[in-house]
Amino acid sequence: MSARTSDRILAFVQETFRNRLDPGQGLSSSTPLFSSQLIDSMGLIELLAFLEKEFGVSLEVTVDELTKLDTAANLAHEIERLQQARERV
Amino acid sequence: MWREYALTVGLPQTNYRNLAEAKLLMEACNFFWRGLGEAIQCPVAQLRSAQGDPVYATIAFVEERFPMDRTLQTFHLDDRLRCLLRIRAIKNLATECLMMFDREDRLAAPLDAALSFDGAPPYPVVRFGSIFAAPGPGNGRLKLTVPANATFQDLAALPLEDNPIQVTRRAQETGRLDVIPPNWVSLDADAPPEVSYTIDPDRDTNAAGLVYFANYIAFLEMGERSALPRASAWPHPSTSADPAGRQLLHRRVAYFENAGLSDRVAISVSRFASPTRPDQLGLRYQLVRASDRKLICLSEALMTFAPSPQLPERRASEPHRAGVLP
């Protein structure tokens with residue numbers, strides 16, 4: 001997993017959802033994003049729009065997928081997997 | 001794909017100013033849920049998560065536009081309306097409904113002809129943005145969940161970047177809904193006062209046990225009626241106009257959270273206008289939940305006080321339609 005992909009996701013989350021973070025709360029690549037309700041239903045749409053625009057990938061949204069993709073690290077891993085699959089086609 | 005529904009304007013859809021805004025929204029949203037349920041082959045009320053928990057389709061955004069000659073006040077009792085709906089979806093996360101409507105004698109053309117226009121539709125338009133969620137504790141943040149027992153593939157795709165949910169998200173950040181022209185000037189010398197309303201659980205809620213989105217219009221109108229006659233920082237005809245003559249041209253509502261059943265809400269309304277448009281008034285409404293002073297709803301509206309060209313004068317001989325028998 002590219003740290004750069006994870007960093008770009010974290011930067012977006014930090015900027016876009018800054019009003020939802022507790023004062024002094026930091027984000028790491030292992031911070032739960034959905035299960036913690038940092039990103040809710042409305043926020044997920046904004047996140048998906050960013051991921052599609054920034055990385056050119058479309059994520060499947062099922063409960064199982066959201067559980068697996070709950071951190072920036074897991075999101076980055078999935079994005080890179082999708083990008084590689086697209087390049088092989 | 002467009003779906004069509006019929007609505008005859010009856011007393012339940014009206015108030016003393018003819019077709020009533022909140023009641024129109026209730027009817028329109030009912031059509032939305034019917035159409036959505038038909039498209040996804042599951043009634044919206046029966047949507048469930050993978051764990052079998054209820055999934056609610058919550059309204060996050062409403063927009064209404066009325067051409068000058070087709071304002072709410074121009075629709076009367078017994079008018080038969082033709083309502084055309086288009087529904088789009090972002091995967092199984094969110095949906096949008098666009099409803100155009102008019103009297104069937106004015107929207108009688110084949111659908112293709114009715115939809116062939118350049119620029120803004122010549123008909124009234126109602127637009128909803130809805131997001132699937134589970135109720136969080138105390139009507140707070142929407143808990144992320146997605147329906148697992150319905151398929152959304154037959155619905156046209158709603159763009160991720162340009163959709164009503166994004167408008168609500170932006171409004172949450174900026175406090176603006178871009179209905180009021182940016183160069184309009186405030187009419188208020190001081191911060192607007194608040195009007196308080198205590199939620200009536202028997203009247204204001206729906207079957208999900210939540211304050212129904214359309215009832216927020218009534219709360220906004222309370223604030224509106226209080227704001228209109230307030231003294232203004234500079235002369236404007238709206239301060240002396242009969243509030244009954246106001247006509248809505250454009251409104252957007254962004255819903256951030258909901259009020260509790262035993263809560264109070266406080267509505268404050270700021271006024272904006274342009275010296276070159278004395279016939280129009282811009283209003284920005286902020287609705288705050290009294291229990292924690294959190295902004296839960298934001299609205300902006302453009303009103304006119306000019307008589308609609310279609311608004312007929314009541315004739316002296318016309319019988320008064322009473323809603324209650326003496």
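In the stretch B:180-193, which residues are of a type in the set (D, E, K, R) and surrounded by fewer than 12 Cβ atoms within 10 Å (Cβ to Cβ)? Matches in the stretch B:180-193: B:190 only. In the set (1) in contact (Cβ under 8 Å) with a residue 24 or more places away in the chain; (2) part of a helix (DSSP H, G or I), residue B:37 fails one condition alone, (1).
Conditions tested, residue by residue: (1) surrounded by 14 or more Cβ atoms within 10 Å (Cβ to Cβ); (2) modelled with pLDDT of 95 or more; (3) closer than 23 Å to residue B:210 by Cα.
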site: B:275; (1), (2), (3): no, no, no
site: B:278; (1), (2), (3): yes, no, no
site: B:282; (1), (2), (3): yes, yes, no
site: B:311; (1), (2), (3): yes, no, no
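Beta carbons closer than 6 Å, at least 6 apart along the sequence or on distinct chains, pair a first residue in the stretch A:29-55 that is within 15 Å of residue A:5 (Cβ to Cβ) with a second that is part of a helix (DSSP H, G or I) and β-branched (Val, Ile, Thr) for A:55/A:79. Only one residue in B:160, B:144 is at pLDDT below 95, facing another protein chain (nearest Cβ under 7 Å) and buried (at least 23 other Cβ atoms within 10 Å of the Cβ), so which one is that? One residue alone meets the criteria, B:144. Residue-level check: of (1) within 14 Å of another protein chain (Cβ to nearest Cβ); (2) in contact with a strand residue (DSSP E or B) (Cβ under 9 Å, 6 or more places away or on another chain), residue B:25 misses just (1). Only one entry of B:238, B:196 meets the criterion of being out of contact with any His (no Cβ under 8 Å at 6 or more places or on another chain), buried (at least 17 other Cβ atoms within 10 Å of the Cβ) and farther than 18 Å from residue B:58 by Cβ, and that entry is B:238. Is it the case that residue A:52 is surrounded by fewer than 16 Cβ atoms within 10 Å (Cβ to Cβ), within 7 Å of chain B (Cβ to nearest Cβ) and assigned to a helix (DSSP H, G or I)? Criteria met by residue A:52.
Per-residue answers, yes or no, for (1) part of a strand (DSSP E or B); (2) within 10 Å of chain A (Cβ to nearest Cβ); (3) basic (Lys, Arg); (4) closer than 30 Å to residue B:291 by Cβ:
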| position | (1), (2), (3), (4) |
| --- | --- |
| B:101 | yes, no, no, no |
| B:105 | no, no, no, no |
| B:151 | no, no, no, no |
| B:166 | no, yes, no, yes |
| B:190 | no, no, no, yes |
| B:208 | no, no, no, yes |
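Each residue in the stretch B:245-299 was checked for being outside any strand (DSSP E or B) and within 19 Å of residue B:234 (Cβ to Cβ), and 6 of them qualify. Only one entry of B:214, B:134, B:150, B:157 meets the criterion of being within 30 Å of residue B:44 (Cβ to Cβ), touching an Asp or Glu at 6+ places or on another chain (Cβ under 7 Å) and small (Gly, Ala, Ser), and that entry is B:134.
Taken as a whole, the stretch A:19-34 holds at least one residue that is closer than 26 Å to residue B:132 by Cβ and in a helix (DSSP H, G or I).
If I ask for residues that are over 21 Å from residue B:299 (Cα atoms) and among the basic types (Lys, Arg), which ones from the stretch B:62-82 would you list? Those that are over 21 Å from residue B:299 (Cα atoms) and among the basic types (Lys, Arg): B:70, B:80, B:82. Checking the structure you have, find out if any residue of the stretch A:70-78 is within 14 Å of chain B (Cβ to nearest Cβ) and either without any contact (Cβ under 8 Å) to a residue 12 or more places away in the chain or closer than 26 Å to residue B:257 by Cβ (or both). Within the stretch A:70-78, one or more residues are within 14 Å of chain B (Cβ to nearest Cβ) and either without any contact (Cβ under 8 Å) to a residue 12 or more places away in the chain or closer than 26 Å to residue B:257 by Cβ (or both).
For residue B:177, the conditions (1) in contact with a helix residue (DSSP H, G or I) (Cβ under 6 Å, 6 or more places away or on another chain); (2) exposed (fewer than 15 other Cβ atoms within 10 Å of the Cβ); (3) modelled with pLDDT of 95 or more all hold with the exception of (2). Close Cβ contacts (under 6 Å, 6 or more residues apart or on different chains) running from residues in the stretch B:261-283 that are over 21 Å from residue B:185 (Cα atoms) to residues that are among the polar types (S, T, N, Q) and surrounded by fewer than 18 Cβ atoms within 10 Å (Cβ to Cβ) comprise B:263/B:291; B:264/B:196; B:264/B:198; B:266/B:196. Consider residue B:86 carefully, then state whether it is outside any loop (DSSP other than H, G, I, E, B), more than 14 Å from chain A (Cβ to nearest Cβ), touching a residue at least 40 places away in the same chain (Cβ under 8 Å) and basic (Lys, Arg). Criteria met by residue B:86. Being of a type outside the set (D, E, K, R) and within 14 Å of chain A (Cβ to nearest Cβ) is a property that residue B:114 lacks. A single member of A:72, A:11 is modelled with pLDDT of 85 or more and surrounded by 20 or more Cβ atoms within 10 Å (Cβ to Cβ), and it is A:72. Report whether or not residue B:291 is in contact (Cβ under 8 Å) with a residue 24 or more places away in the chain and out of contact with any strand residue (DSSP E or B) (no Cβ under 7 Å at 6 or more places or on another chain). Taking the combined requirement at face value, the residue satisfies it.
The values are calculated or read from the model by the stated rules, or taken from the named source; none is laboratory data. Treat the numbers as computed from the prediction; the structure is a model and nothing was measured. Please note: Cβ atoms are built from the backbone with ideal geometry, for glycine as well, and neighbour counts cover all protein chains shown.
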